[in-house]
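The values are calculated or read from the model by the stated rules, or taken from the named source; none is laboratory data. Only a predicted model underlies this, so the values are computations on that prediction, with no experimental measurement involved. Cβ placement follows ideal geometry from the backbone for every residue including glycine, while neighbour counts extend to all protein chains displayed. Accessible surface areas use protein heavy atoms only, side chains included; no ligands, DNA or RNA. Shrake-Rupley method; radii C 1.70, N 1.55, O 1.52, S 1.80 Å.
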Amino acid sequence: MSKEKQPRKDHAENLRFQLERNQQLQRRWESEFDQASQWLLRNWQTARLRQTHADLLQNPRYCPAVEFFLHELYGDRDFSRRDHDIERAYPIIVRTMPAGALHSVVMAIELNVLSHELDADLLRVLIDEFAITDQISEDTYLRAYRHCDNYEQRLRQINLIGILGQDLELIVAKPLIYTALRVAKGPAHLAGFGQLQQFIETGFNAFRKMGKADTFLEAITQRELKILERIYNQHPHPLDLTKD
């Protein structure tokens, strides 16, 4: 069954599950880690992603989509206001948003939550097993990454990028959905859902600007899959894809 034909109830329940999962994760971050440790890991990984996908960032067609994934779904920023907006807007979202767009929101939240769950596990190992304080070396990062032993979750993280990207490519091609999003901008800000509106609109605009997304998504997912395999296979330079 396609996501468009899935009952809205399924999407709504999945979104509620992801939001509850996110709340639990936020409590974990607040109780286990100080701000300096959190940003140390996130900044390190954001820099790695920017290096891996530097050519896409330099391409005007693909750059907005890369920035969307880095800033709105993963990177070095505070998501608390946006998450609060989603919690408050939940009844409106599940009642009024088209099924395809609702599925995209669910996939985006799952990707965001899973990424930060994996970060929490990794940071816990870096602190407990490798005693990091103010810097992370590549060797220490890779050893901690393998120590976490969460290959299947990492694979899911990469697959979610492809699923979300395909969703957004399909949705932005539907003029009625895009028009509805634009019309909702003013009311959303007035209602106090500005961060949520920005999150959704940024993703839509990035993929609308790009058009066909297959080349972009293949580049992102294949590179990340290759790095994942190289890390687990003890490759001497797993993050440098110029070295075989």
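Restricting to region 215-234, count the residues that are in contact with a helix residue (DSSP H, G or I) (Cβ under 7 Å, 6 or more places away or on another chain) and of a type in the set (D, E, K, R).
2
Write out, first by first residue and then by second, each pair whose Cβ atoms fall under 7 Å of each other, whose residues are 6+ apart or on separate chains, and whose first residue, in region 207-229, is within 16 Å of Ile171 (Cα to Cα) and open to solvent by less than 20 Å² (accessible area, probe 1.4 Å) while the second is hydrophobic (A, V, I, L, M, F, W, C) and in a helix (DSSP H, G or I).
Taking only residues 6 or more apart or on different chains, the pairs are Phe207/Ala65; Phe207/Leu168; Phe207/Val172; Met210/Ala65; Met210/Phe216; Ala213/Phe207.
Take region 113-136 and flag every residue that is charged (D, E, K, R) and either open to solvent by less than 20 Å² (accessible area, probe 1.4 Å) or under 16 Å from Gln24 (Cβ atoms) (or both).
Glu117, Asp119, Asp121, Arg124
Applying the selection to region 95-105, what residues are of a type in the set (Ser, Thr, Tyr) and either under 19 Å from the mean Cα position of the chain (by Cα) or buried (at least 21 other Cβ atoms within 10 Å of the Cβ) (or both)?
Ser104
A quick yes/no check of all residues on (1) within 13 Å of Leu123 (Cα to Cα); (2) open to solvent by 60 Å² or more (accessible area, probe 1.4 Å); (3) touching a Cys at 6+ places or on another chain (Cβ under 9 Å):
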site: Leu15; (1), (2), (3): no, no, no
site: Leu19; (1), (2), (3): no, no, no
site: Asn22; (1), (2), (3): no, no, no
site: Gln26; (1), (2), (3): no, yes, no
site: Phe33; (1), (2), (3): yes, no, no
site: Gln38; (1), (2), (3): yes, no, no
site: Leu41; (1), (2), (3): yes, no, no
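Restricting the search to region 24-43, which residues are assigned to a helix (DSSP H, G or I) and in contact (Cβ under 8 Å) with a residue 60 or more places away in the chain?
Leu25, Arg28, Trp29, Glu32, Ala36, Ser37, Gln38, Leu40, Leu41, Arg42
Give region 59-94 a look and list any residue that's without any contact (Cβ under 8 Å) to a residue 60 or more places away in the chain, assigned to a loop (DSSP other than H, G, I, E, B) and either open to solvent by 30 Å² or more (accessible area, probe 1.4 Å) or over 25 Å from Ile200 (Cβ atoms) (or both), or say none.
Asn59, Pro60, Asp76, Arg77, Asp78
Taking only pairs six or more apart or across chains, which ones have beta-carbon atoms under 9 Å, a first residue in region 44-58 that is part of a helix (DSSP H, G or I), and a second residue that is exposed (fewer than 12 other Cβ atoms within 10 Å of the Cβ)?
If the second residue must be exposed (fewer than 12 other Cβ atoms within 10 Å of the Cβ), the pairs left are Trp44/Gln135.
Any idea which residue in region 150-174 is least open to solvent (accessible area, probe 1.4 Å), counting only those that are under 13 Å from Ser115 (Cβ atoms) and among the charged types (D, E, K, R)?
By that ranking, first place goes to Arg154.
As an exercise: evaluate Arg182 against (1) at pLDDT 80 or above; (2) part of a helix (DSSP H, G or I); (3) surrounded by fewer than 17 Cβ atoms within 10 Å (Cβ to Cβ); (4) of a type in the set (Lys, Arg) and give the number of the one condition it does not meet.
Failing condition for Arg182: (1).
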